[in-house]
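To keep things clear, I will list the structure first and then write my remarks on it.
The values are calculated or read from the model by the stated rules, or taken from the named source; none is laboratory data. This one's a predicted model, so the numbers in the text were calculated from it and none came from an experiment. With ideal geometry, Cβ positions are generated from the backbone for all residues, glycine too; neighbour counts draw on all protein chains shown.
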Amino acid sequence: MDLRQVNADDDRPKNHTGRLLENARRELGLSLEEAARRTGIPAGILEALEKDASHPSGAFHSRVFLRNYADSLGLDGRAFSRQKTEGRIEETPSQSPPSQDVPPQNVSTQEVPPRDVASPNGQPPVMVEARGVYKSYGAEEFVVHALEDVSLRIGKGSLVAVMGPSGCGKTTLLNVLSGLDEIDRGEIFVAGEPLHTMNDARRTGYRARHMGFVFQGFNLMPVLSAVENVELPLLVSGAGVAVARKRALEVLDQVRLTDRAHHRPNQLSGGQQQRVAMARALAGEPAIVWADEPTGNLDSDTSQEVLDLLLRLNRENGQTFVVVTHDPDVGELMDRIVRMEDGRILSQAGESGETEA
Ligand SMILES: Nc1ncnc2c1ncn2[C@@H]1O[C@H](COP(=O)(O)OP(=O)(O)OP(=O)(O)O)[C@@H](O)[C@H]1O
Ligand SMILES: [Mg+2]
């Protein structure tokens, strides 16, 4: 079988490409989350892709997409294509290790959209709330207490910086607040929805619908142009081709990259690539954007570019931004700084009514 024929073969099951993608991931022993980290495609979207990659645009049947996807996973894309040609992966699904992230077939992924949760004391509605959260890694003498008794409230539409020394738990905090990681103890509510009681499938769906991620590890797909990178998650979420393209161009315009829409990542500067990643995170109009060191690898001019964008989007769209940063100048621009040390929150200064802990 040749991948070039996949699109044309109408008698083939519709989820054929999705099955190839899932089998490749399982052969590598990757969870959905890990595959998401490697490919830059949010886990919820990857899951949708694996279930049904039969979008009428044919975008996900193309040889370029499959090779590129495999490259991002860390496979040799060309060899991956050859494996498909020989039907090897397709014929050996039973040998694949079970993935922890594949939800049971009958689990509903329906959930309530974010809503305003009234806050006490006339504060803005609460978007994210953590109560007594503990998270550790490892076991016995090797246990690392990454988060200890963390409680925090993030108002809707606020800009929050998370700061502290390396290893203090900033990334862990983002991962648990966004539901990427499970917690050991405590409660996490996002727009009033208890994330800690949701199963994997619901959390994944919730993230895909309401959250955007700008993590350094979330690479752009090198063979796709800027606009194709931005529209990819929209297409997978079921948007029509024309609608997805229109929206992708709109967001690229918001990040001032209209004139670079058809450039590939390697034809863009670091700051421009980061802005494309931001556009991709924002394309689905998420209520919350999580950014881990969004300016970490950028020089001061390009990091200013990215920051200006973030501040403008917060003002214009009222989206909530939670930004991990080492840069005090970045922290100063936010409404509020959450300072961490050794897995604990030291202080949450900045927002009116907040008190130093
Ligand atoms: N998957 C893991 N397994 C074991 N320990 C981990 C894991 N992830 C993080 N840790 C540990 O948990 C602690 C907090 O890590 P985290 O990545 O949250 O730190 P951070 O504040 O983001 O640091 P940095 O500024 O260097 O990115 C560290 O001691 C780290 O070694
Ligand atoms: Mg980190």
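Going by what's in this entry, would VAL338 be described as buried (at least 18 other Cβ atoms within 10 Å of the Cβ) and either at pLDDT 90 or above or among the basic types (Lys, Arg) (or both)? Yes; evaluated as a whole, the condition is true for this residue.
Looking across the stretch 232-258, the residues that are of a type in the set (A, V, I, L, M, F, W, C), at pLDDT below 85 and not in a helix (DSSP H, G or I) come down to ALA239, VAL255.
A quick yes/no check of all residues on (1) of a type outside the set (Lys, Arg); (2) in a strand (DSSP E or B); (3) surrounded by fewer than 21 Cβ atoms within 10 Å (Cβ to Cβ); (4) not assigned by TED's automatic domain parsing to the domain that holds ASP327:
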| residue | (1), (2), (3), (4) |
| --- | --- |
| GLY132 | yes, yes, yes, no |
| VAL150 | yes, yes, no, no |
| ILE154 | yes, yes, no, no |
| VAL160 | yes, yes, no, no |
| THR172 | yes, no, no, no |
| GLY179 | yes, no, no, no |
| ILE183 | yes, no, no, no |
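The single condition among (1) in contact (Cβ under 8 Å) with a residue 12 or more places away in the chain; (2) within 16 Å of ligand 1 (Cβ to nearest atom); (3) out of contact with any Leu (no Cβ under 9 Å at 6 or more places or on another chain) that HIS196 does not meet is (2). Checked against (1) surrounded by fewer than 23 Cβ atoms within 10 Å (Cβ to Cβ); (2) touching a residue at least 24 places away in the same chain (Cβ under 8 Å); (3) among the charged types (D, E, K, R), ASP308 meets all criteria but (2). Of the residues screened, GLY212 is not one that is away from ligand 2 (no atom under 16 Å from the Cβ), assigned to a loop (DSSP other than H, G, I, E, B) and either among the aromatic types (Phe, Trp, Tyr) or touching a Leu at 6+ places or on another chain (Cβ under 7 Å) (or both).
Inspection of the stretch 279-290 finds a residue satisfying the criterion of being small (Gly, Ala, Ser) and either outside the structural domain of LEU174 (by TED's automatic domain parsing) or assigned to a helix (DSSP H, G or I) (or both).
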